[in-house]
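Trainee: Below is a structure I'd like to ask you about.
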Amino acid sequence: MNIEARISSKVQKALVRLYNTEMSADKIQIQRTRKDFTGDFTVVVFPFLRFSKKPPEQTGEEIGNFLKDRVDEVSDFNVIKGFLNLTIDNAFWLRFLNSMHQRGHIYDLHLDPGNQKVVVEYSSPNTNKPLHLGHIRNNLLGFSISRILEATGHQVKKVNLVNDRGIHICKSMLAWKKWGNGETPVDRGVKGDHLVGDYYVMFDREHKKQVAYLMEMGKTKEEAEKEEPLMKEARELLSLWEQDDPDTVELWKKMNGWVLEGFEQTYHDLGIDFDRVYYESEVYKLGKEEVKKGLEKGVFFRKNDGSVWADLSDEDLDEKLLLRGDGTSVYITQDIGTAIQRYREFDFDEHIYVVGNEQNYHFQVLKIVLGKLDYSWAEHLHHLAYGMVELPEGKMKSREGTVVDADDLVGEMLTTAEEMTRESGKIGDFPEEEKKRIYRAIGLGALKYFILKVDPKKNMTFDPGESVDFNGNTGPFIQYSYARINSLLSKAKDKNIDVPDELSGHVPLNNKEIQLVKLIHQFPSVIGEAAQEMNPAVVANFLYELAREFNQFYHDHSVLGAGNQQTIQLRLVLSVQVSKVIREAMWLLGIDLPERM
RNA sequence: GAACCUGUAGCUCAAUUGGAUAGAGUAUCUGACUCCGGAUCAGAAGGUUGGGGGUUCGAGUCCCCCCUGGUUCACCA
């Protein structure tokens, strides 16, 4: 049992003894004592006043005395207003540090281990244009959350659903057919996803021109968009594709191949991966059957034109189209099918969709519709809705060319990392390959940390010019702290100072040291909270606090130069444990650590 | 038009889910050991938490009314 739980249960006993009151553990608030007060943990006594019928100070005193008498670890207490601040004995922190030092990992020390099968879907790109900043946020979130859930004991399947069919794909195909002169990514020396994306943009531009022209000729906007010849051709292409026209399918395969190759490169550069990749072209028909079953059961209804709908009025929503009049499927149809397929495949306990919050309505409806089909697991579908990434001037718009391209961004990060590292001159003697790895760790670390430290559900602003810094609350700051500890340890080795396997005897701890041990102690519950909230930012914020605390400690106190052997050993063990937590927490974020930088 | 989300220091973000004097970074200014890494550390300055009301021991957080920005409400995905 960890110390907070022990205190909590003793407070319960105190309430019974002193005020004859039973209170459930979750009603007892125990929090970290704020820095400006003395103490380690704080019990909020306000909720007890209606039972004690005494002023807050007196109630706090009474409970404080009770705890001091019966909990060995509580060495002292003070009461300020309604807050009972408890001080924990040095010996406890020392014991804890020793036990962590003897453990292989810390992250698997969960308070409340889970053992569920969880599917996490993320990325889910369209194969008509390259990935951009928004996808980066999606990918990093999905990947990190998967690791966090794994760390809390769950079995995670990372899946990707590639949207490789539909009218948007046909647009770039058509443009390439018309104006591409057969060029390939190799011909032009660009990544395949970028090449295809260019044709998608080209289509859009020409289409708009044509629409404008038709409107000048006196058509209304609706008429113009409907009659515009390029769009008509694209629709014909889609129809040909659905009829398995050999030429069309061949073209589709070729261009999709280019894009997917480009995506793989980007995923690789970002350091993320999947356990299973689904292609919409392979699964899009699955949903139709399920919808038809629902129709037979009378859960859905058919309109005169043959289209199939779900009536959601009992959920205070409108009617929702599930199949078009011509029998073709819409977006939600395939999600119905894939959810059922995945349930059969994985028998999951939870299914998480990492998808932008503009699709809140979609997932709300998806759950309801699956519920109507009597799939009880529908309530275990969870939409992790993250906010948009905006630029200082507002939303990214592909038409206006303000989209931040994923590959460009990664490239810039690596370049900056290289420049910064060169300036510091710490790795001059490293082989070229090793240097590249370090630049990559730092550049990507800066980018990943910058994005993951923000609460997923919030929109965030990204300023391409100055956003990703290397000083302050950043990835490199944490990496730097880690590299520093490494350097310290190798220096110790040079001096033939060993890190002991165990600290023996009574070693006094100063404030900074206790502060660090407390943070290490907090780590498992931080992971638990991050998993619970599905929020990597919890881990990032914790990491920053830990690194900052360590840097202060390192600045104020000499490790190898500490006066006595005992203190040197204590500080070495503490440093090793801090670096272990940094490594594990960064792993949860998917960020690599350079040994030197 | 309706529903939902959002608004915290010049800028980018926190705030233990209703708890103490709202904290960090950045930018600006000032300073730091001949000593374990200066991508560090310390200090100054910066706030009517969009505005107004309410709930209670206590509100950035919960409720109501406005204001701002955004998203969704498609036989698009």
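What follows is calculated from the coordinates using simple rules that are stated; it is not laboratory data. Just so we're clear, the structure is a prediction, and the values are computed from it rather than from any experiment. Note that each Cβ is placed from the backbone with ideal geometry, even for glycine, and that neighbours are counted across all protein chains shown.
Trainee: For Cα pairs less than 8 Å apart in space and 6+ apart in sequence, what is the mean separation divided by the residue count of the range A:122-390, i.e. the relative contact order in percent? Kindly include the intermediate steps, with their values, before the conclusion.
Mentor: Working: 349 pairs, mean separation 52.3, N = 269.
Relative contact order, the range A:122-390: 19 percent.
Trainee: At 0.36 nm per residue, and after removing the present C-alpha to C-alpha distance, how many nm does the segment from A:Asp469 to A:His382 gain when stretched out fully?
Mentor: That works out to 28.0 nm of additional length.
Trainee: List the extent of the Cα atoms of the range A:1-88 along each of their three principal axes, largest first, rounded to whole Å.
Mentor: 30, 29, 23
Trainee: Set the bar at 24 Å for Cα to Cα. Now go through A:Lys157/A:Lys191; A:Lys171/A:Lys457; A:Lys453/A:Lys580 and name every pair that lies beyond it.
Mentor: Pairs exceeding the cut-off: A:Lys157/A:Lys191; A:Lys171/A:Lys457.
Trainee: A follow-up question, please. Simple spin-label model, 7 Å along Cα-to-Cβ: A:Lys303 to A:Asp408 in nm?
Mentor: 4.2 nm
Trainee: How many lysine pairs in the range A:3-88, separated by 8 or more positions in sequence or lying on different chains, have Cα atoms less than 16 Å apart? Don't skip to the end; give the middle numbers.
Mentor: Numbers: A:Lys10/A:Lys27; A:Lys10/A:Lys68; A:Lys13/A:Lys27; A:Lys13/A:Lys68; A:Lys53/A:Lys81; A:Lys54/A:Lys81.
Counting lysine pairs in the range A:3-88 gives 6.
Trainee: Please give the charge dipole size of chain A, origin at the Cα centre, charges +1 on K and R Cβ atoms and -1 on D and E Cβ atoms. Round to the nearest 20 debye. Could you put the intermediate results ahead of the total?
Mentor: On the way: 76 positive and 94 negative charges, 299 e Å.
For this selection, approximately 1440 debye.
Trainee: When each pair of different Cα atoms in chain A is counted once in the 1/r mean, what is the Kirkwood radius in angstroms, to one decimal?
Mentor: Details: mean 1/r = 0.0357 Å⁻¹.
With all distinct Cα pairs of chain A included, I get 28.0 Å.
Trainee: Additional query: Taking every DSSP beta bridge that has both residues in chain A, what percent is antiparallel when rounded to the nearest 5?
Mentor: Antiparallel bridges: around 50 percent, rounded to the nearest 5.
Trainee: Sequence-distant or interchain residues sharing an amide H contact under 5 Å with A:Glu319, placed H: which?
Mentor: A:Leu312
Trainee: Sticking with this one: Quick check on the exposure proxy: order A:Lys580, A:Lys293 from fewest to most C-beta atoms within 10 angstrom. Could the numbers behind the result be given before it?
Mentor: Numbers: A:Lys580 21, A:Lys293 12.
Result, fewest neighbours first: A:Lys293, A:Lys580.
Trainee: How far, in nm, would the chain grow between A:Arg34 and A:Glu432 when pulled straight, counting 0.36 nm per residue and subtracting the alpha carbon separation?
Mentor: Working: separation 398, 0.36 × 398 = 143.28 nm, distance 4.69 nm.
Extra length from A:Arg34 to A:Glu432 when fully extended: 138.6 nm.
Trainee: Can you flag which of A:Lys129/A:Lys320; A:Lys226/A:Lys285; A:Lys178/A:Lys208 are past 20 Å Cα-Cα? Display every interim value, and only then the final one.
Mentor: Details: A:Lys129/A:Lys320 29 Å; A:Lys226/A:Lys285 27 Å; A:Lys178/A:Lys208 16 Å.
As for pairs spanning more than 20 Å Cα to Cα, those are A:Lys129/A:Lys320; A:Lys226/A:Lys285.
Trainee: Right, next: Give me the tail of P(r) for the range A:343-385 as a percent: Cα-Cα pairs with distance above 13 Å. Could the numbers behind the result be given before it?
Mentor: Values: 476 of 903 pairs.
More than 13 Å apart: 53 percent of the Cα pairs in the range A:343-385.
Trainee: Could you derive backbone 3J(HN,Hα) for the range A:415-429 from the dihedral phi with the Karplus parameters 6.51, -1.76 and 1.60 (θ = phi - 60°), listing whole Hz in sequence and x where the residue is Gly or Pro?
Mentor: 4, 4, 4, 5, 4, 4, 5, 4, 4, 6, x, 8, 10, x, 8
Trainee: Same structure, new question: Using modelled amide H (1.01 Å from N, peptide plane; none on Pro or chain starts), what sits under 5 Å from the amide H of A:Ile80, excluding residues fewer than 5 places away?
Mentor: A:Asn85
Trainee: Report the gain in length on full extension from A:Asp347 to A:Ala25: 0.36 nm times residue separation, minus Cα-Cα distance, nm rounded to one decimal. Walk me through the intermediate numbers first.
Mentor: Details: separation 322, 0.36 × 322 = 115.92 nm, distance 3.40 nm.
The span from A:Asp347 to A:Ala25 would gain 112.5 nm if fully extended.
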